[in-house]
1. Which one is least open to solvent (accessible area, probe 1.4 Å) among residues in region 62-92 that are in contact with a helix residue (DSSP H, G or I) (Cβ under 6 Å, 6 or more places away or on another chain) and at pLDDT 95 or above?
2. Only one of (1) open to solvent by 90 Å² or more (accessible area, probe 1.4 Å); (2) farther than 24 Å from LYS160 by Cα is not met by PRO13, so which one is it?
3. Please report, ordered by residue number, the strands (runs of 3 or more DSSP E) entirely within region 67-178 with at least 2 residues that are touching a residue at least 12 places away in the same chain (Cβ under 8 Å) and farther than 20 Å from VAL33 by Cα.
4. Would region 31-41 turn up any residue that is among the aromatic types (Phe, Trp, Tyr) and more than 25 Å from LYS174 (Cα to Cα)?
5. Please go through region 29-61 and pick out each residue that is assigned to a helix (DSSP H, G or I), more than 26 Å from PRO184 (Cα to Cα) and open to solvent by 30 Å² or more (accessible area, probe 1.4 Å).
Amino acid sequence: VNTSIRPGWFYHPEEDDQVKSLEELIYIYIGAVGGNATFLLNIPPMPNGLLHKNDVKRLEEFGSWKKKSFTHNLMSTAHIFSENEDPTHPVSDLTDDTSETWFQPESSEITICLDGSYNLGYLVLKEAVCYSQRVEKFEIFVKEGEIWNSIYTGTVIGYKKIISVKGQKAQKVKIVLHDFRVLPLLSFVGIYPESL
């Protein structure tokens, strides 16, 4: 997915005050990178070869948002469970953000017990796509107290799926894989609290 930080692809001084807002960049990023694609953001240089201060300021804001939103992964202190776990590809592999390890579930549910109750921000899922994209339908549940509530139903995970779960509070998160080809191979789960 490629787009420009300005209305056009090349630098025009009359567009100095038309740099995309932080909210627009976040929306595009979540839809692109979080939708199983890569993201190319065009930043046109001025005739002197430098970037305009408005573009630089927006990039700094975007970088700050990204760091705050995706730095603290609650999975690092969580307890993860799945029935009939394959010992060669354990559920603990979901905490490493790498394509070299993966969890190969033999059941369709993964339960994550967080080390406390959190206001959630984003959930990130990845498949080991070097072995193909396999998940075709999945659902996310959260539990705060005694009741599991469904908060998201999706189809494709692929390389990366970013799901905004803002407004949800949870002590437990459950991922249910409803439909997939062969066996699903999940390589990473990230659960990030809402940034302040």
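The values are calculated or read from the model by the stated rules, or taken from the named source; none is laboratory data. Model, not experiment: these values are computed from the prediction. In this analysis, Cβ positions are derived from the backbone assuming ideal geometry, glycine residues included, and neighbour counts consider all displayed protein chains. For the accessible areas, the whole protein counts, side chains as well, though only heavy atoms, and no ligand, DNA or RNA atoms are used. Shrake-Rupley method; radii C 1.70, N 1.55, O 1.52, S 1.80 Å.
1. Only one residue tops the list, namely MET75.
2. (1)
3. Ranges flagged: 79-81, 109-127, 135-143, 148-154.
4. Yes, region 31-41 has at least one match.
5. Of everything in region 29-61, those that are assigned to a helix (DSSP H, G or I), more than 26 Å from PRO184 (Cα to Cα) and open to solvent by 30 Å² or more (accessible area, probe 1.4 Å) turn out to be LYS53, ASN54, VAL56, LYS57, ARG58, LEU59, GLU60, GLU61.
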